[in-house]
1. From the list V17, V28, which residue is in contact with a helix residue (DSSP H, G or I) (Cβ under 7 Å, 6 or more places away or on another chain) and part of a loop (DSSP other than H, G, I, E, B)?
2. (1) in contact with a strand residue (DSSP E or B) (Cβ under 6 Å, 6 or more places away or on another chain); (2) outside the structural domain of R189 (by TED's automatic domain parsing): which one isn't true of M54, the others all being true?
3. Please work out which one of (1) of a type outside the set (S, T, Y); (2) loosely packed, with under 13 Cβ neighbours inside 10 Å; (3) modelled with pLDDT under 95 is the condition V67 fails and give its number.
4. Looking only at the range 6-31, count every residue that is surrounded by 14 or more Cβ atoms within 10 Å (Cβ to Cβ) and either under 17 Å from R189 (Cβ atoms) or of a type in the set (D, E, K, R) (or both) and tell me the total.
5. Just need a number here: residues in the range 151-170 that are outside any loop (DSSP other than H, G, I, E, B) and either closer than 17 Å to T85 by Cβ or not assigned by TED's automatic domain parsing to the domain that holds F97 (or both).
6. Taking the residues in the range 95-113 that are within 20 Å of the chain's Cα centre (by Cα) and in a helix (DSSP H, G or I) as candidates, determine which candidate is farthest from F172 (Cα to Cα).
7. T134 - would you say it is within 16 Å of the chain's Cα centre (by Cα), over 16 Å from M71 (Cα atoms) and surrounded by 16 or more Cβ atoms within 10 Å (Cβ to Cβ)?
8. In the range 117-150, what residues are at pLDDT 95 or above and in a helix (DSSP H, G or I)?
Amino acid sequence: MAIASLPALGTGFLPRVIAAFDAPSRNVQISLQVMSSREVHEKVSAGQVDFGLMSDEMSMAGLEHSVFARMRAVAVMNSHHPLATRPVIAVADLPEFPFIALNPEDSTRLRLETQLTAREIRLKPVVETPYSHTICELALAGVGIGIAHPLVTLDFAERGLVVKPIDIEVMFTGVLVFRPGTPLTETARQFMRHMRMQLERDQKALKRALAN
């Protein structure tokens, strides 16, 4: 079974799914390819993978698709950051501190900046990067505060990353994509059921992390 995924879901979430799926007991070999959403689109369109996970930042033209997860963005920082003890991070405070941002073309970054512009708030990023994983690493290292995908933050919570809700709704959307006319195998369908179960577990874990 072959899967292509954007990094936000491919670097932590899908490895947790694979562990729960227990491929060796099923005599299943899995190919997990982590790549950009554009590359995921190409892989699925070419029939090189069973299904893909990509963001909503580009067209789904030519593919069957359905939303897998829509989750609110969260703020991340290390435990020494001045905002680390706040129960909720006010976006109005973000310009006061070094900010770690997703790349300018990222759809979630664009949604964030649209809301900030309406509030006359302007970010001054010290670092821009395409991946929430890198934002979390930079935040943990003390570079600044960032806005990241919530599922990615679970990989860092045990290492001391502070994860907080923000006072506006900015969404990350992960989309399941399939090649039209190509039925999923029973193994792929079983794996996707495990994906949904793991998503429920991760959402509960995230609630606990945000409550701290």
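The values are calculated or read from the model by the stated rules, or taken from the named source; none is laboratory data. In this text, all values refer to a predicted model and were calculated from it rather than measured experimentally. All Cβ positions, even for glycine, are placed from backbone atoms using ideal geometry, and neighbour counts span all protein chains on display.
1. Result: V28 is the single residue among V17, V28 that is in contact with a helix residue (DSSP H, G or I) (Cβ under 7 Å, 6 or more places away or on another chain) and part of a loop (DSSP other than H, G, I, E, B).
2. Going through the list (1) in contact with a strand residue (DSSP E or B) (Cβ under 6 Å, 6 or more places away or on another chain); (2) outside the structural domain of R189 (by TED's automatic domain parsing), M54 breaks only (2).
3. Going through (1) of a type outside the set (S, T, Y); (2) loosely packed, with under 13 Cβ neighbours inside 10 Å; (3) modelled with pLDDT under 95 one by one, V67 breaks only (3).
4. 8
5. 6
6. E113
7. yes
8. Passing the criteria: S132, H133, T134, I135, C136, E137, L138, A139, L140, P150.
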